[in-house]
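Engineer: So that we are looking at the same thing, I have put the structure below in structure tokens.
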Amino acid sequence: MEIVETYTDHGVSGTKARRPALDKMMEDARRHKFDVLVVWACDRLARSTKHLLQVLDELNGFGIQFLSQREAIDTEGPLGRAIIVIVSAIAELEKSMTTERIRAGVRRARLEGRQIGRARLDINRQQVVMDRRTGMSLTNVAKRHNISRASVYRLMKEAAGNSDAAVLASDVDLMAHSAVGGYSR
């Protein structure tokens with residue numbers, strides 16, 4: 001066999017039916033640029049049985065043979081097609097079980113009071129907003145509060161969504177709310 005092209009989606013979830021490299025591969029299949037599609041594993045092509053069968057039907061309609069290296073499956077015959085459905089269903093089940101285990105772990109961690117995700121910024125948010133509104137530059141506000149310029153910008157954007165009364169609090173309120181939640185830098 002001669003390799004015509006390698007199709008790889010970087011940074012795109014395999015759960016999505018629309019992916020740049022997959023779309024290009026299907027377009028090349030429509031144009032008959034290749035006769036055989038070889039994948040390392042079925043779950044690399046599609047994460048759900050339904051999507052895999054749709055892709056396989058479309059490839060079959062173009063007269064393109066499908067081969068999976070890991071499962072050693074050739075879908076040209078009816079037995080190969082039946083096996084691919086079984087393998088795909090098992091891969092989909094495995095993904096669903098992994099997702100459920102992750103969700104259960106996150107729930108348990110939250111119940112135990114553990115921090116999920118980034119730690120919150122431990123800064124006086126109103127003071128950041130007031131410093132910026134008094135004309136201090138983004139850079140100077142960021143240096144003063146030891147946060148990034150992006151964090152200053154985000155806090156300003158959040159403050160714009162709040163009422164002016166909430167942002168223009170008294171000094172007593174500022175002291176009381178000096179460690180309100182958010183994101184870390």
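Engineer: Which one is surrounded by the fewest Cβ atoms within 10 Å (Cβ to Cβ), of the residues in the range 88-122 that are of a type in the set (A, V, I, L, M) and touching a residue at least 60 places away in the same chain (Cβ under 8 Å)?
Structural biologist: Looking at residues that are of a type in the set (A, V, I, L, M) and touching a residue at least 60 places away in the same chain (Cβ under 8 Å), I get A119.
Engineer: For the range 20-31, state whether one or more residues are at pLDDT below 85, out of contact with any Cys (no Cβ under 8 Å at 6 or more places or on another chain) and either farther than 30 Å from S151 by Cβ or not assigned by TED's automatic domain parsing to the domain that holds S151 (or both).
Structural biologist: No.
Engineer: Going through the range 123-177 one residue at a time, which ones are surrounded by fewer than 16 Cβ atoms within 10 Å (Cβ to Cβ), modelled with pLDDT under 65 and assigned to a helix (DSSP H, G or I)?
Structural biologist: D164, A165, A166, D171, V172, D173, L174, M175, A176, listed by residue number.
Engineer: Being more than 21 Å from the chain's Cα centre (by Cα) and small (G, A, S) is true for just one of A29, A17. Which residue is that?
Structural biologist: Just one listed residue meets the conditions, A29.
Engineer: Please determine, by comparing only the residues of the range 4-43 that are of a type in the set (D, E) and more than 16 Å from E58 (Cα to Cα), which one is surrounded by the most Cβ atoms within 10 Å (Cβ to Cβ).
Structural biologist: That would be D43.
Engineer: Further, regarding this structure: Tell me, which helices (runs of 4 or more DSSP H) lie completely within the range 1-104 with 2 or more residues that are among the β-branched types (V, I, T)?
Structural biologist: Result: 49-61.
The values are calculated or read from the model by the stated rules, or taken from the named source; none is laboratory data. In this text, all values refer to a predicted model and were calculated from it rather than measured experimentally. Reconstructed Cβ throughout: ideal geometry from the backbone, glycine too, with neighbour counts over all protein chains shown.
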